[in-house]
Amino acid sequence: MSKHKNMAHPERRNLFSELPKKSGEELFQTLVETPHFLFETIVSDGHTTPDDEWYDQERDEWVMLLTGAAGLRFQNNPEIVELNPGDSIVIPAHVRHRVEWTDNGCKTVWLALHYHGD
């Protein structure tokens, strides 16, 4: 959103007040983006990755769950990694993964940092 144009008067925002009431699609919101990284929120409401799809990203990704719960599956590991509020995980670039489930009872809010981990 903001590229820090006027640092003399920084804008205060509240991540939770900006959440949608209900959305049919997963919501991705960029918080800060530079040529070196992307920092975003993701809001899932029972969303999953389609059965025949895997994420295969160009950059490393650190994700942390703020609310809700989720299950991640990695192509090289049959076990589902369950995430709860406060849990984080680093997903290296090109490690194929998918979201098997997110909480149906409340919104699952993620913080995600995409970066080149050279």
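Below, the figures for the structure above:
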{"item": "Any hit, segment 79-97, residues being of a type in the set (Lys, Arg), surrounded by 14 or more Cβ atoms within 10 Å (Cβ to Cβ) and under 13 Å from the mean Cα position of the chain (by Cα)", "result": "no"}
{"item": "Positions within segment 18-52 being of a type in the set (Gly, Ala, Ser) and at pLDDT below 80, in sequence order", "result": "23, 24"}
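The values are calculated or read from the model by the stated rules, or taken from the named source; none is laboratory data. None of the values given here were measured: they were computed from a predicted structure. Backbone-built Cβ (ideal geometry, glycine too); neighbour counts: all protein chains shown.
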